[in-house]
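Presented below is the structure to which this report refers.
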Amino acid sequence: MTTNLLPKSISSIFQNKLTGTLVEVLFLFAVGMLAIALHAKLRIPMQLPGRQGILFLALVIAGRGFSRFPFACTLVCSGSAALLATSWLGFHEPLMPLVYILTGLMLDITISISGNLLPQAVSLFLACAVSWMCIPLIRLAVAQFTGLYFSSFHHGIAWPVFTHFLFGFAGGILGTGILKISSFLIPE
């Protein structure tokens, strides 16, 4: 048994850099698959569009916190998109994988831009809120160009945008809290 401190990132466990990078990418993919699987299993009709963003974004931010990649959110959301593309989970929206990849990309871009302007926790909260809020905006653009109907627009566009922003913000708070608690458990 050793008394060495636990490593901060997944890839630093392995001696071979390529193996560590591959394991880290697979870990991020698995976190994304877990996040979307939980999203599918916890679907409860509550007329609150975006409510799944709390748990989903908490897992995305936690996965990003354990990674050294600056594009970790996109990798996590790509794992979700890969599982969504199989249609095993019962989602019937054909463009949902693309929406989740765009959400991850938006999250990475927003975090990198706001990281220099705001404190880290606030930038994570706002990045989560803004990127999750983009989902109804992307769906609105898709609906305008394709004619697809989205039930989240039943009460107009303002309600889904507001609830996605609110639940995205809450997911950012929860994900940041998970990272803060884990920083006490796993010292640097």
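Please treat every number below as a calculation from the coordinates, not as lab data. Predicted model only: the values in this text are computed from it and were never measured. All Cβ positions, even for glycine, are placed from backbone atoms using ideal geometry, and neighbour counts span all protein chains on display.
Go ahead and collect, in residue order, the members of the stretch 152-188 whose backbone nitrogen is under 18 Å from a label point 7 Å along the Cα-Cβ direction of Leu89. Hits in the stretch 152-188 for Leu89 at 18 Å: 152, 164, 167-168, 171-172, 175.
With a cut-off of at most 10 other beta carbons within 10 Å, and DSSP calling the residue loop, which chymotrypsin sites (Phe, Trp or Tyr not before Pro) in the stretch 53-106 qualify? Please list them.
Counting only loop positions with at most 10 other Cβ atoms within 10 Å, the chymotrypsin sites (Phe, Trp or Tyr not before Pro) in the stretch 53-106 are Trp88.
Rounded to the nearest 10 degrees, what's the angle between the helix 120-146 long axis and the longest principal axis of the chain, both from Cα atoms, 0 to 90? Roughly 40 degrees between the two axes. Between the helical axis of 96-114 and the longest alpha-carbon principal axis of the chain there is an angle of about 60 degrees. Per residue, the average separation of C-alpha pairs within less than 8 Å and at least 6 apart gives the stretch 73-160 a relative contact order of 23 percent.
Using the beta-carbon distance between Ile181 and Phe145 and R0 = 35 Å, what value does 1/(1 + (r/R0)^6) give for FRET efficiency, to the nearest 0.05? The computed FRET efficiency comes out at 0.20. The overall shape of the stretch 127-175, judged from the alpha-carbon gyration tensor, is prolate: a/c is not under 1.5, and a/b is greater than b/c. Rounded if a/c is under 1.5, else prolate if a/b is larger than b/c, else oblate: which is the stretch 9-126, with a ≥ b ≥ c the root eigenvalues of its Cα gyration tensor? Verdict is oblate for the stretch 9-126. For a label point 7 Å from the Cα of Val23 along Cα→C-beta, name the residues of the stretch 38-79 whose backbone N is under 16 Å from it. Under cut-off, by backbone N: 66-69. If the chain linking Ile138 and Ala82 were pulled fully straight, counting 0.36 nm for each residue of separation and taking away their Cα-Cα distance, it would gain 18.3 nm. Considering only alpha-carbon pairs that sit under 8 angstrom and 6 or more positions apart, the relative contact order computed for the chain is 28 percent. In the chain, the calculated helix contribution to ellipticity at 222 nm averages -23000 deg cm²/dmol per residue, counting -39,500 (n - 2.57) for every DSSP H run with n ≥ 4. The C-alpha atoms of the chain define a longest principal axis, and helix 72-85 lies at about 50 degrees to it.
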